[in-house]
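Visitor: Quick one: the structure is below, and I'll ask about it shortly.
The values are calculated or read from the model by the stated rules, or taken from the named source; none is laboratory data. Given the structure is predicted, the values throughout are model-derived calculations rather than measurements. Note that each Cβ is placed from the backbone with ideal geometry, even for glycine, and that neighbours are counted across all protein chains shown.
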Amino acid sequence: MLQITTPMHGAVLTHQNGRPEPDALTITVRGTARLLDAVQVNGVPAAREGTTFAAEVKLTRRTSDITATTSGIHGTESHTVRVIRDRDTTQRYGFFIDDNVFFLHDIWTNRYPSIFDCFYLDKLRGLHRTYGTRFVLNVFFRNDHDQTPTPFTIAQFPDTYRTEWADNADWLRLSFHAYSEFPNRPYQYAAPAKLASDYDAVKTEIVRFASEHAFCPPSVVHWAMITPGCFKVLRERGMRVFEGGFMMPQSGAKSPQGGDWVMDIGYSVDPERSEYLRHHYRLYDVAHDVMFLHGDVCCNRIPKHVILERLEAKAANPYFNQFVSIASHEQYSFPFYSNYIPDHFERMETAVRWCTEHGYQPGFHHDAFPDGAD
């Protein structure tokens, strides 16, 4: 019956979640235990009220184990959770754009003197110059919308712009997304070797034509669905933050691996942790050394006034508002696309303007991972 209920196993805690001190963070640990059992939390006697208990614990390290123990007529019992303390108090936002390949095809087709002669990159550069925004563009290897007999792939993209990519890598990075847009959910049940092969193929080409400095590990893969067996593949390649929606499956279908429910666009994470992420935004996966991050705004999915509503709601959460995650998808910027959104760039600007006006610093999504040695 003994259980620590707060904080959750894998919780990422900041100065907002307790009483900060120069070299520590004091938090209140809560849980449940048998009515008559004595409870200690990290050696501190806990206050009891009915079947609940509470005790203050001082966290002095980046990673801390919190252990509750009981003793009573049934013997002894213990429950341990591990939490991460994020010492950084800076408020940041990150912006990635998925499904990128149209702009690379456009530059290759037109042989522009500069990559910024492509309207898409020019618009992003304008947002960077005005707001300091940093972008990660998650790239497909192949353009599935190219109807020619041999569809464009990034293996055709020239390396003549390497200097320009490198010169702008402080704010513009390229990353892996998938081999191609279709089929949907390409890695939901893929073998680790398939994901590794596609990742390495995309990275090899990006490094070839844009430089190592212009590449960064992604914070999302196409459709944000993989099984835990693939976590190691991505973690070994530098991916630490796994951003997603963690939402109920639209089909209502269960995972074919068994009877356990998994949440959609959320890396097969279970419903309990997905529900936690909806309200707390970050959660460390102890077993795989990665962090799940709940997305805040996807600009192609909602109009400008809803973008503002979502961001205001995030800011109103006094305990978990340190990092804002903004996303969108490339294709909605291109007039030839069937679902083109004429005000797509205005939506993106609405999001980054709000972040700037509310004191959030531009960064990359890996900034959401708590760094620092123990």
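Visitor: Ala155 - would you say it is free of Cβ contacts under 8 Å to residues at least 60 places away in the same chain, farther than 16 Å from Ile226 by Cα, surrounded by fewer than 20 Cβ atoms within 10 Å (Cβ to Cβ) and more than 27 Å from the chain's Cα centre (by Cα)?
Guide: Against the criterion (free of Cβ contacts under 8 Å to residues at least 60 places away in the same chain, farther than 16 Å from Ile226 by Cα, surrounded by fewer than 20 Cβ atoms within 10 Å (Cβ to Cβ) and more than 27 Å from the chain's Cα centre (by Cα)), Ala155 qualifies.
Visitor: Can you tell me which residue in the stretch 272-286 is farthest from the chain's Cα centre (by Cα), limited to those that are within 19 Å of Val324 (Cβ to Cβ), touching a residue at least 60 places away in the same chain (Cβ under 8 Å) and assigned to a helix (DSSP H, G or I)?
Guide: Here the answer is Tyr276.
Visitor: Test each condition in (1) buried (at least 21 other Cβ atoms within 10 Å of the Cβ); (2) in contact with a helix residue (DSSP H, G or I) (Cβ under 8 Å, 6 or more places away or on another chain) for Ser114 and report the one that comes out false.
Guide: (1)
Visitor: Let me ask you something else. If you take the residues in the stretch 165-191 that are among the aromatic types (Phe, Trp, Tyr) and more than 29 Å from Asp264 (Cα to Cα), which one is surrounded by the most Cβ atoms within 10 Å (Cβ to Cβ)?
Guide: Only one residue fits best here, namely Trp165.
Visitor: I've got another one for you. If the requirement is being among the basic types (Lys, Arg) and over 24 Å from Thr356 (Cβ atoms), which of these qualifies: Arg142, Arg129?
Guide: The conditions single out Arg142.
Visitor: Scan (1) in a helix (DSSP H, G or I); (2) in contact with a Leu (Cβ under 6 Å, 6 or more places away or on another chain) for the single condition Tyr199 breaks and write down its number.
Guide: (2)
Visitor: Being in a loop (DSSP other than H, G, I, E, B) and of a type in the set (A, V, I, L, M, F, W, C) is the filter here, so list the residues in the stretch 56-75 that pass it.
Guide: Ile73, the sole residue that qualifies.
Visitor: Further, regarding this structure: Given the criteria assigned by TED's automatic domain parsing to the domain that holds Trp108 and either within 21 Å of Ala327 (Cβ to Cβ) or in contact with a Lys or Arg (Cβ under 8 Å, 6 or more places away or on another chain) (or both), does Val220 qualify?
Guide: Answer is yes for this residue.
Visitor: Hey, among Val262, Val269, which residue is in contact with a Pro (Cβ under 8 Å, 6 or more places away or on another chain), assigned to a loop (DSSP other than H, G, I, E, B) and modelled with pLDDT under 95?
Guide: Of the residues listed, the single one that is in contact with a Pro (Cβ under 8 Å, 6 or more places away or on another chain), assigned to a loop (DSSP other than H, G, I, E, B) and modelled with pLDDT under 95 is Val262.
Visitor: Related question: Scanning for something assigned to a loop (DSSP other than H, G, I, E, B) and surrounded by fewer than 17 Cβ atoms within 10 Å (Cβ to Cβ), does the stretch 122-135 turn up at least one residue?
Guide: yes
Visitor: So which residues in the stretch 304-336 are more than 30 Å from Ala11 (Cβ to Cβ), of a type in the set (Phe, Trp, Tyr) and surrounded by fewer than 15 Cβ atoms within 10 Å (Cβ to Cβ), if there are any at all?
Guide: Phe336 - this is the single residue of the stretch 304-336 that is more than 30 Å from Ala11 (Cβ to Cβ), of a type in the set (Phe, Trp, Tyr) and surrounded by fewer than 15 Cβ atoms within 10 Å (Cβ to Cβ).
Visitor: Considering the stretch 33-66 alone, what residues qualify as being surrounded by 17 or more Cβ atoms within 10 Å (Cβ to Cβ) and either over 34 Å from the mean Cα position of the chain (by Cα) or under 18 Å from Met1 (Cβ atoms) (or both)?
Guide: Within the stretch 33-66, Ala33, Asp37, Val39, Val41, Ala46, Phe53, Ala55, Ile66 meet the criteria.
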